[in-house]
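Notes follow once the structure below has been shown.
The values are calculated or read from the model by the stated rules, or taken from the named source; none is laboratory data. Quick caveat: nothing in here was measured; it's all calculated off a predicted structure. FYI the Cβ positions are ideal-geometry reconstructions off the backbone, even for glycines, and counts take in every protein chain you see.
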Amino acid sequence: MNPDVPKVGAYRRLASAAALVGLLAFAPAAGAIELPRSLASLSPQDFASRVAVIDDPLEDSVVLSTKPAYRRDRSITGAHVGDAHLQAIVERKTGATSWRISYDLYYAGPKKSLDVAQFRSGGELRRVTPRIAYHWQDECYEAISTCSQYVRVVVDIPEATVREIAASYRAADRTPWLMRLKDRNGADVTVGLAPAEAAGLLAAVQQTNVVRPLAAD
């Protein structure tokens with residue numbers, strides 16, 4: 001994954017918003033989190049039709065991503081989401097598929113470690129270590145007397161979990177699937193995913209034939 005850094009203007013917009021309305025302040029308790037109405041209105045078919053297929057001949061897998069399906073830009077518990085999307089990585093030779101979820105987060109204050117991801121799956125509370133976590137250097141602005149920070153967290157999740165999320169889809173329901181990114185000092189961040197997004201990506205994977213026949217020796 002290419003750790004492309006957002007333009008400075010994105011930081012400044014967020015910093016200004018924080019100064020005016022507390023954009024980067026902590027959000028309500030996790031139980032109060034709801035999907036935006038515009039996101040909850042999308043169906044699995046909407047997501048499936050907008051999935052990006054990244055088929056690079058120099059790679060041994062094809063990546064399907066929901067990144068272009070919906071523009072994320074909202075406050076959550078403990079941060080502000082600049083982007084969030086689900087990916088399926090399909091091996092060309094076997095069709096074996098792995099799944100990952102990525103979050104781009106902005107926040108103000110001390111750096112969060114976010115080295116544990118915690119979520120419920122199969123009726124149990126599961127804890128995994130994020131596969132990738134990028135942090136970018138702070139940028140400070142006198143207007144708010146604090147520093148903005150940016151982090152990208154990528155977490156591998158089992159296919160069974162993706163299917164469980166997808167199965168919870170209900171039209172127009174604003175209830176998200178939740179994941180808590182744990183900071184060793186207690187500055188946790190709670191993020192979510194729309195069930196329709198998981199269902200749409202599953203459908204897109206089923207509709208996309210990426211397996212290539214093995215070349216003859």
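Structural remarks
- The set of residues from segment 57-72 being within 16 Å of the chain's Cα centre (by Cα) and surrounded by 13 or more Cβ atoms within 10 Å (Cβ to Cβ) comprises V63, L64, S65, T66, K67, A69, Y70, R72.
- Sole exception among (1) at negative phi; (2) touching a helix residue (DSSP H, G or I) at 6+ places or on another chain (Cβ under 9 Å); (3) modelled with pLDDT of 95 or more for V205, by number: (2)
- Residues of segment 100-125 that are in contact with a Ser or Thr (Cβ under 8 Å, 6 or more places away or on another chain) and assigned to a strand (DSSP E or B): Y106, Y107, A108, V116, A117, F119, S121.
- Every residue from segment 175-208 that is of a type in the set (G, A, S) and either over 13 Å from the mean Cα position of the chain (by Cα) or more than 24 Å from R37 (Cβ to Cβ) (or both): G186, A187, A196, A199, G200, A203, A204
- Test: T175 is out of contact with any strand residue (DSSP E or B) (no Cβ under 8 Å at 6 or more places or on another chain), among the β-branched types (V, I, T) and over 27 Å from R71 (Cβ atoms): no
- Scanning segment 79-88 for residues being out of contact with any Leu (no Cβ under 8 Å at 6 or more places or on another chain) and surrounded by fewer than 18 Cβ atoms within 10 Å (Cβ to Cβ) gives a total of 1.
- Flag for D104 being of a type in the set (D, E) and in contact with a Gly (Cβ under 9 Å, 6 or more places away or on another chain): yes
- If you check A166, A172 for being touching a Ser or Thr at 6+ places or on another chain (Cβ under 7 Å), over 19 Å from D83 (Cα atoms) and at pLDDT 95 or above, only one passes: A172.
- Flag for H85 being at pLDDT below 95 and outside any loop (DSSP other than H, G, I, E, B): no
- Verdict on V116 being at pLDDT below 95 and either buried (at least 17 other Cβ atoms within 10 Å of the Cβ) or more than 27 Å from R71 (Cβ to Cβ) (or both): no
- Picking from residues in segment 138-154 that are of a type in the set (S, T, N, Q) and under 13 Å from L105 (Cα atoms), the one that is modelled with the lowest pLDDT is S148.
- Which listed residue is among the β-branched types (V, I, T), free of Cβ contacts under 8 Å to residues at least 40 places away in the same chain and either over 21 Å from S168 (Cα atoms) or surrounded by 14 or more Cβ atoms within 10 Å (Cβ to Cβ) (or both), from I54, I33, I76: I54
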